[in-house]
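Read the figures in this text as sums done on the coordinates, not as results from a lab. For clarity, every value in this text was computed on a predicted model and none was experimentally measured. Note: ideal-geometry Cβ built from the backbone for every residue, glycine included; neighbour counts use all protein chains shown.
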Amino acid sequence: KAGVTQTPRYLIKTRGQQVTLSCSPISGHRSVSWYQQTPGQGLQFLFEYFSETQRNKGNFPGRFSGRQFSNSRSEMNVSTLELGDSALYLCASSSGLAGVTGELFFGEGSRLTVL
Amino acid sequence: GEDVEQSLFLSVREGDSSVINCTYTDSSSTYLYWYKQEPGAGLQLLTYIFSNMDMKQDQRLTVLLNKKDKHLSLRIADTQTGDSAIYFCAEKISPYNQGGKLIFGQGTELSVKP
């Protein structure tokens, strides 16, 4: 069974640009969550999607957005990039069903560097 | 509030037991997790415990949960050099009893010396 796939793995952007990251969850998983990992702030929750609907949102500015498609694949977008957006962006999938343990399965991440 | 605290570093000798500790603040947590992250990789789920359990054992891993003190620990028996990694404790916050986000600790860097 294929794991969570994130693309691209590495990318470099400049301030003011925008970026789109993609995540393909494990087959059959309907929930996709996104996390930002930085040395200073650690792992912070961005948002969670289930059946194309945003179910939870973290405390990030509106420049961070996401969406989920009918095949459960998800994208996140960051507009007007700032230096502080440099981070490892991790996507995780789960079955997302209420009452299930809900453990997350993570991809290897997309490492974004903003210059 | 939502907060998870871990010590940042732990160094042990190969063959010894490692104990990584974690405290959390949200008493409504349903599940608590331990994840492992190796350099350049994503997070790998090691084990989890439901909040109404005190202990869970899985091969070399033992998880202890003290719900009264909101304290979680991970014991790795017979620690090997391959166990060197960063270990994250996480609690599941489940608003609306659906899905939910995880709150992660800062991670404990485990260094295993031969």
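Overview of values
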| quantity | calculated |
| --- | --- |
| Region A:10-115: antiparallel DSSP beta bridges as a percent of all, rounded to 5 | 90 |
| Antiparallel DSSP beta bridges within the protein assembly as shown, percent to nearest 5 | 90 |
| Cross-link partners of A:LYS57 among lysines (Cα-Cα below 19 Å; sequence separation of 8 or more within a chain) | B:LYS92, B:LYS101 |
| Aspartates and glutamates with Cα under 19 Å of B:LYS113, excluding same-chain neighbours fewer than 8 positions away | B:GLU14, B:ASP16, B:GLU38, B:ASP78, B:ASP83 |
| Sequence-distant residues sharing a close amide H with A:ARG55 (under 5 Å, placed H) | A:GLU48, A:TYR49, A:PHE50 |
| Within straight-line cross-link reach of B:LYS68, aspartates and glutamates at Cα separation under 17 Å, skipping those fewer than 8 residues along the same chain | B:GLU2, B:ASP3, B:GLU5, B:ASP26, B:ASP54, B:GLU91 |
| Using θ = phi - 60° and Karplus 6.51 cos²θ - 1.76 cosθ + 1.60, couplings along region A:60-66 (whole Hz; Gly, Pro as x) | 10, x, x, 5, 9, 9, x |
| Cα gyration tensor, chain B - rounded (a/c under 1.5), prolate or oblate | prolate |
| Amide H contacts of B:THR47 (H built 1.01 Å from N, under 5 Å, at least 5 apart or other chain) | B:TRP34 |
| Trypsin sites (Lys or Arg not before Pro) within region B:14-114: DSSP coil, no more than 10 neighbouring Cβ in 10 Å | B:LYS68 |
| Contact order normalised by residue count of chain A, Cα under 8 Å, 6+ apart, percent | 36 |
| Karplus (6.51, -1.76, 1.60) ³J(HN,Hα), θ = phi - 60°, over region A:82-93, in Hz, Gly and Pro reported as x | 10, 4, x, 7, 4, 5, 9, 9, 10, 10, 9, 10 |
